[in-house]
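What follows is a short report on a single structure.
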Amino acid sequence: MKISIVVPFYNEEKTIERCIRSLLELDYPERDYEILLVNNNSTDGSVDIVKKYPRVRLLHETQQGDFAARNLGLAEATGEIIAFTDSDTAPFADWLQQIRSVMANPEIAIIVGNLQFGPDSHALDLMAAYEEEKAKFIFNSEVKEIYLGYTCNMIVRKKVFDDLGPFAPVYRNSDVVMVRKVIDAYGCGSVCYSKDVSVRRLEVTRLWDYFTKQSVYGRDFNRYGDIATARPLNFVERMKILRIMIRKHRYSIITAVYLVALLVTGALIYEMSRLFTRTGKDA
């Protein structure tokens, strides 16, 4: 199974080398995968870093936007499977092996993979566990309005793009729109979540980084929500996920209370960001 890895980048000199090295060290036959990094008008030293690695194919996209960079990589890719990740992300060594295993099922059009965070810490470990349970809940729900996508770890059959076209010109959130397009075309069962298809988010090294991401996601929702006819998880759904986590991991009372505090804080940041951005948009 030939796999093309597509990685857009814009001014990521702090993390891009670690990303490249993780891609070069993947436990998969070298002849069966290619690495395409797409420069999206970087002005720092990112391009010079990429040029140090002849195994990596460097492309340049002048239209600003991650959707445009990914579409260029897609156009140049030769694999039957397109594996998308980001330049501030490091896939685990068995990433491509796990992708091949899941894609052995011809009914799967898209894999949305697991996200781990930078260094191990109690708080970030709890948040990673929550994100895992949330993804399982979403992708087993068959409620298409809550399905999402994130191209820091999203794998798509090339045939999907041949049938449905490339990423839509939606700033930062064309991945969610693509997932919804696939669901409308093939059904919820064509999109799956895999815990084993795992990457590490290098830029999330502190709890504050996680909360900052929630703020960004809240703002982003107002860009794609109407286009994709999407909605965020409601309170009841979030509580179901929380109960699943507590039962599964058998958390102590102290850990459970701490987890609730973290989740409430993250949810408030997300909702406030979403509300304020919507208010500003409507004003």
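The values are calculated or read from the model by the stated rules, or taken from the named source; none is laboratory data. This structure is a prediction, so every number in the text was calculated from the model and none was measured. Every residue, glycine among them, receives a Cβ derived from its backbone with ideal geometry; neighbour counts consider all protein chains shown. All accessible areas refer to the heavy atoms of the entire protein, side chains included, with ligands and DNA or RNA removed. Shrake-Rupley method; radii C 1.70, N 1.55, O 1.52, S 1.80 Å.
Which FRET efficiency value, to the nearest 0.05, do you get for S141 and I253 by plugging their Cβ-Cβ distance into 1/(1 + (r/R0)^6) with R0 = 45 Å? Walk me through the numbers on the way to the answer.
Details: r = 29 Å, r/R0 = 0.65.
The formula returns an efficiency of 0.95 here.
Of the cross-linked pairs K14/K195; K159/K181; K14/K158, which ones have a Cα-Cα span greater than 21 Å in the structure shown?
Pairs exceeding the cut-off: K14/K195; K14/K158.
Going by average Cβ density within 10 Å per residue, which order do the peptides 53-62, 28-37 take, highest to lowest?
Ranked from most to least packed, the peptides come out as 28-37, 53-62.
Per-residue ellipticity at 222 nm for the chain, helices alone: DSSP H runs ≥ 4 residues times -39500 (n - 2.57), over residue total, nearest 500 deg cm²/dmol?
Here the helix-only value at 222 nm equals -16000 deg cm²/dmol.
What is the Rg over Rh value, at two decimals, for region 86-125, using alpha-carbon atoms and the Kirkwood definition of Rh?
On the Cα set of region 86-125, Rg over Rh gives 1.07.
Where both residues lie in the chain, what percent of DSSP beta bridges are antiparallel, nearest 5?
Roughly 30 percent of the DSSP beta bridges within the chain come out antiparallel.
Quick query: amide H of H60 versus all other amide H atoms, modeled in the peptide plane; which residues come in under 5 Å with a sequence gap of 5 or more or a different chain?
The answer is N39.
So what are the ³J(HN,Hα) numbers for region 163-177, from phi and the Karplus equation (6.51, -1.76, 1.60; θ = phi - 60°), rounded to whole Hz, Gly and Pro as x?
Ordered by residue, 3J(HN,Hα) equals 7, 10, x, x, 5, 6, x, 10, 4, 6, 10, 5, 5, 5, 4 Hz.
Run the accessible area of the chain with a 1.4 Å probe and give the carbon-and-sulfur part as a rounded percent.
Carbon and sulfur together cover 54 percent of it.
Which value, in Å², gives the accessible area per residue of region 179-246 when a 1.4 Å probe is used on the protein heavy atoms? Could you put the intermediate results ahead of the total?
Working: 3120 Å² over 68 residues.
Computed with neighbouring chains in place, this is 46 Å² per residue.
Given H placed 1.01 Å from N in the peptide plane, which residues other than close sequence neighbours of F84 have an amide H under 5 Å from its amide H?
Under 5 Å from the amide H of F84 lie the amide H atoms of V6, M154, I155, V156, each far enough along the sequence or on another chain.
If you find the alpha carbon centre of region 147-209 and of region 22-77, how far apart are they in angstrom?
18 Å
Just order 183-189, 207-213 by mean Cβ neighbour count inside 10 Å, highest at the front, would you?
Going from most to least packed, we get 207-213, 183-189.
Between D120 and Q97, how many nm apart are label points set 7 Å from Cα along the C-beta direction?
2.0 nm
Suppose we take every Cα in the chain and form the convex hull; what volume per residue is that in Å³?
131 Å³
So for each of 94-100, 117-123, 65-71, 77-83 I average, over its residues, the number of other beta carbons within 10 Å; can you give me the resulting order with the highest mean first?
Packing proxy ranking, top to bottom: 65-71, 94-100, 77-83, 117-123.
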